[in-house]
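Contents: one structure, followed by commentary.
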Amino acid sequence: SYEFTQSLGYGYSVFNTQHMIWAMSGGPGTRQSKVATTLEHRSEWIGHLDSEFYYEMTRFTSFKQIISFDMSPRNTKTYSLNELKTSLFGPIAAKISFQLENYSKLPTNSKYTRKTDATTKVTLSYSF
């Protein structure tokens, strides 16, 4: 199964300071998906809303949050990402993040039994 979403819209910077950024966007779009068990292809119009927040707490530590909604009469997808990043040395950083993805309805005959997926990650990253 797969899902592919694209949208056009308008973005607005709510505020943009030296250490904090909050931007929002929204607009119409489409979503194409295929259910693995039935091989059914779906295409639908959606409304997309997005909020992105970034806060540089110190020179070495930052917090990022992304929340988005893809809404249609058939199904609404909600996505949330919270990430804390701290520089260890040079271009090496450690990140811990928590991600949620929720669907208001599961497809008929879906092999998945839960509407919400949660993912926790602890990673090392290299910036260049």
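The values are calculated or read from the model by the stated rules, or taken from the named source; none is laboratory data. Predicted, not measured: the structure shown is a model, and the values here were computed from it. Note: areas computed on protein heavy atoms with side chains; ligands, DNA, RNA excluded. Shrake-Rupley method; radii C 1.70, N 1.55, O 1.52, S 1.80 Å.
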A 1.4 Å probe over the protein heavy atoms gives the chain a carbon and sulfur accessible-area percentage of 60
Regression test value, accessible area per residue of the chain, probe 1.4 Å, units Å², expected 69
Flagged as over-length at 21 Å C-alpha distance, from Lys64/Lys121; Lys85/Lys115; Lys34/Lys105; Lys64/Lys95; Lys34/Lys77; Lys77/Lys115, the pairs are Lys85/Lys115
The percentage of Cα-Cα pairs in the chain separated by more than 27 Å is 34
Here the gain from full extension of Thr61 to Leu8, 0.36 nm per residue of separation minus their alpha-carbon distance, amounts to 15.8 nm
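On a full-extension model of 0.36 nm per residue, what is the gain between Phe128 and His41, subtracting their alpha-carbon distance, rounded to one decimal in nm?
27.3 nm
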